[in-house]
Amino acid sequence: MVGLFAGRLGLAESRIPHADRHGLLWLARGNLTVEDGTLHFRAAQSDDLEPGDYAIPYQSVSLILLGPGSTVSHDVLRLLARHGTLLAAVGEGGVKFYTAPPWGQGHSAVARAHARLWADEKARIDVARRMYAWRFGRILPHKDITVLRGIEGARLKETYRLVADQHGIPWKGRHYDRNNPNATDIPNQAINHAVTFVEAAADIAVAAVGALPPLGFIHEDSSNAFTLDVTDLYRADITLPLAFAVAKKALDDPEIRLERELRREAAAWFRKHHLISKMIDRVKELLGVDDSGSDAKCV
């Protein structure tokens, strides 16, 4: 039987609001199939798993994260759907999120809590203020989301400058062209890539707990507005240090391929900082969902 790979992405340490489930399972470089009603993973040699044929305890797993170098059969999808086990295709280390898994069984408590908070105008701004408090270290007195966003913008400008100075990066300000994200300097390109990778980790966390991606408390118009909210919680602590650390390497060595190096470093950072597990815990705390008992409930 495959274990939960303690330490891989920090996933084994996180509990998600799903009754009688243990958590998330990472699989990579192998074939996921069904034999005699049992889920099997035929693994090639990897950093996480010795080669061999492993029986997968899908009935005690909430979400299977299928990494690079893997294939999955139609029977697997049918079996997992029948038992409410989610399957997501992800990049190495969780730096990409390629699928949006359907709802699994027992996930409605989080979705209902999320919807209630978002639908109440006062509660919605209170949640936004709480997220800003986590980021800025104190609760801001303002209750107008436009004012809060303005304060955020000013603080971000200073954060960019400070983190750039820490890494010895020449910083000329944040510049981003959505139509041509590579048409800027290396530090800005690095931020673009790092944000994408951290957003993928947030995608995984939001999907795992069964929250509602379109219902953001700070972001509004995007179909994954809440994912963007969660992503921004880690901009100062993860995204910018990661981006500028790799940007410095790329500036010193023009042979380095920036996106490839950032992808590799991001996977390592996510494991080191247990990023996805922290995101899962933050989402549950933010939405007031307690899954300490056998059934998830709102608090």
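Tabulated results
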{"item": "Criterion (assigned to a helix (DSSP H, G or I), over 23 Å from K122 (Cα atoms), at pLDDT 95 or above and aromatic (F, W, Y)) met by exactly one of F270, F244", "result": "F244"}
{"item": "Residue check for V34: closer than 25 Å to A201 by Cα and either at pLDDT 90 or above or within 20 Å of the chain's Cα centre (by Cα) (or both)", "result": "no"}
{"item": "Members of segment 202-231 found to be modelled with pLDDT of 95 or more, buried (at least 21 other Cβ atoms within 10 Å of the Cβ) and not in a loop (DSSP other than H, G, I, E, B), listed by number", "result": "A202, F226, T227, D229, V230, T231"}
{"item": "Yes/no for K278 being closer than 20 Å to R135 by Cβ, at pLDDT below 95 and touching a strand residue (DSSP E or B) at 6+ places or on another chain (Cβ under 9 Å)", "result": "no"}
{"item": "A100 vs. criteria at pLDDT 90 or above, closer than 30 Å to R149 by Cβ and of a type in the set (G, A, S)", "result": "no"}
{"item": "Check on G106, out of contact with any Gly (no Cβ under 6 Å at 6 or more places or on another chain), under 17 Å from S277 (Cα atoms) and modelled with pLDDT under 85", "result": "no"}
{"item": "Cβ-Cβ under 9 Å pairs, at least 6 apart or on other chains, segment 239-268 side β-branched (V, I, T), far side assigned to a loop (DSSP other than H, G, I, E, B)", "result": "V246/I256"}
{"item": "Qualifying residue in segment 133-142 (condition: closer than 30 Å to A250 by Cβ, surrounded by 13 or more Cβ atoms within 10 Å (Cβ to Cβ) and either touching a Gly at 6+ places or on another chain (Cβ under 8 Å) or not hydrophobic (A, V, I, L, M, F, W, C) (or both))", "result": "yes"}
{"item": "Answer from V72, V95, V76, V61 - the residue that is in the same structural domain as A28 (by TED's automatic domain parsing) and either of a type in the set (K, R) or touching a Phe, Trp or Tyr at 6+ places or on another chain (Cβ under 8 Å) (or both)", "result": "V95"}
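The values are calculated or read from the model by the stated rules, or taken from the named source; none is laboratory data. Since the model is a prediction, treat every value here as computed from it, not as a measurement. Using ideal geometry, Cβ is built from the backbone for each residue, glycine included, and neighbour counts are taken over all protein chains shown.
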